[in-house]
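Colleague: I am attaching a structure below and will ask some questions about it afterwards.
The values are calculated or read from the model by the stated rules, or taken from the named source; none is laboratory data. Everything quoted here is computed from the prediction, not taken from an experiment. Positions of Cβ are generated from backbone atoms using ideal geometry, with glycine treated the same way; all protein chains shown enter the neighbour counts. Surface accessibility is based on the protein's heavy atoms, side chains included, excluding ligands, DNA and RNA. Shrake-Rupley method; radii C 1.70, N 1.55, O 1.52, S 1.80 Å.
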Amino acid sequence: MTGEESLRPQSLMLTFLGDQVLGRDVCVYSGSVIDVFARAGIGEQATRSTLTRMVGRGLLRRQREGRRMYFGLTERSAAVLRDGERRIWQTGAVNRHWDGTWTLLGFSLPESWQRQRHDLRSQLTWSGFGPLFNGLWIAPGEVDVSALVAELGLSAHVKVFRAHADAGMDIGQMIEETWELSDLAAGYAGFVRRWQPWEDGLPEADEALVLRLRLQTEWLRIVRRDPRLPVKHLPDDWPAEQAEKTFRAVHERLSPLARAASERLLDLVPARPQA
C-alpha cells in the first residue's frame, strides 16, 4: 500500500496485539508475528526492530519459553489498546448525541517558548481541539485535558472552561473556519473507495487476516484524527456514516476467515506473572 494507505509497523503491531492478545492473558511467539507481518509486506528486520523498540518504550514485555521468545502486553499498551477499542466500537465516527457543550481552552505562553507552544498545539489537535483564535482553542463535548497540560508542565499557563454557544451564532460556519473539514471528509471518502469492494469479496484465509489487520489500523487512524464534531452541524453529505458502515461490513465479512488463519498461524502461551 502506498500514500494514504501506508501504515507504520508499530500501528499495525498494536492492532495485531489488540486483536490477538488483549484480554486473553497470553503472549505471542516472535516467529508468528514475523510470519503474519511478512504476509503484510513487512520484512523480518523491520518487524524485529519494531518489537524491540516497543519493549524499550514499555509497550511490550518479553517472556522466554525454552529457546523461543514470546511477547506480551504491559499495563501501558493494554490501556492504549482498550482506548482504541472504545474509539472504534463504542464512540464511533458519527457524533449524533452532542448536548451543546463545548470545551474552551485558553493559553498564553512566553514568546520564546516555541517548542512548548508546538507541543501543546499538537496535543490539543490530537485531543479534538481546533484553533478558534490564536490562543483560544475549542473542542466539542467535555474534554478533560488536565493530565495532558500537567504532563507538558503548562498548568499555570492554561485556563479551561465549559461553554455553550449564543443562540444567534452560526455553529456550522464556526466549525468550517476552525477545522479542516475537507481533509477529514477526504479521509473518509478514500477509506470507502479502498474498502467497499471487500464488502462482497472473499479472500483466502491468510489474506483475510492481513486485510483485517490493515482495515482496523487504517480505520483507527482516521477516527482518531476526527474531533467528532456534531453531525447536525456538518455538511449534509458528510461521509463518516458511510465509511463506518463499510468498516463494519468488511470487518464482519473478514472475521471468520481471519480467526481461522490466526488459530493456524499463531503460537500463543499463557502469560506468566512478572516478577
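Colleague: Checking the conditions here, which among 113, 89, 102 is open to solvent by 70 Å² or more (accessible area, probe 1.4 Å) and within 30 Å of residue 185 (Cα to Cα)?
Modeller: Working: 113 fails: within 30 Å of residue 185 (Cα to Cα); 102 fails: open to solvent by 70 Å² or more (accessible area, probe 1.4 Å).
Testing whether each residue is open to solvent by 70 Å² or more (accessible area, probe 1.4 Å) and within 30 Å of residue 185 (Cα to Cα) leaves just 89.
Colleague: Which one is farthest from residue 217 (Cα to Cα) among residues in region 65-81 that are assigned to a helix (DSSP H, G or I), open to solvent by 50 Å² or more (accessible area, probe 1.4 Å) and not acidic (Asp, Glu)? First the steps, then the outcome.
Modeller: Residues of region 65-81 assigned to a helix (DSSP H, G or I): 75-81.
From the residues that got through so far, the ones that are open to solvent by 50 Å² or more (accessible area, probe 1.4 Å) too are 75-76, 80.
In the following step, the residues that additionally are not acidic (Asp, Glu) were identified as 76, 80.
Details: 76: 19, 80: 13 Å.
Filtering region 65-81 for residues that are assigned to a helix (DSSP H, G or I), open to solvent by 50 Å² or more (accessible area, probe 1.4 Å) and not acidic (Asp, Glu), the one farthest from residue 217 (Cα to Cα) comes out as 76.
Colleague: Would you check if residue 207 is free of Cβ contacts under 8 Å to residues at least 40 places away in the same chain and part of a helix (DSSP H, G or I)?
Modeller: On the way: free of Cβ contacts under 8 Å to residues at least 40 places away in the same chain: no; part of a helix (DSSP H, G or I): yes.
No.
Colleague: Hey, another quick one. Would you mind telling me which numbered condition in (1) more than 19 Å from residue 218 (Cα to Cα); (2) small (Gly, Ala, Ser); (3) within 26 Å of the chain's Cα centre (by Cα) residue 186 fails?
Modeller: The failed condition is (1).
Colleague: Hey, another quick one. What tally of residues in region 23-48 results from selecting those that are closer than 17 Å to residue 215 by Cβ, open to solvent by 10 Å² or more (accessible area, probe 1.4 Å) and in contact with an Asp or Glu (Cβ under 9 Å, 6 or more places away or on another chain)?
Modeller: Qualifying residue count, region 23-48: 1.
Colleague: Yes or no: residue 121 part of a helix (DSSP H, G or I), more than 30 Å from residue 248 (Cα to Cα) and not small (Gly, Ala, Ser)?
Modeller: Numbers: part of a helix (DSSP H, G or I): yes; more than 30 Å from residue 248 (Cα to Cα): yes; not small (Gly, Ala, Ser): yes.
The answer is yes for residue 121.
Colleague: So residue 171 ticks every box in (1) surrounded by fewer than 20 Cβ atoms within 10 Å (Cβ to Cβ); (2) within 30 Å of residue 105 (Cβ to Cβ); (3) in contact with a Leu (Cβ under 7 Å, 6 or more places away or on another chain); (4) not small (Gly, Ala, Ser) but one. Which box is left unticked?
Modeller: That leaves (3) as the condition not met.
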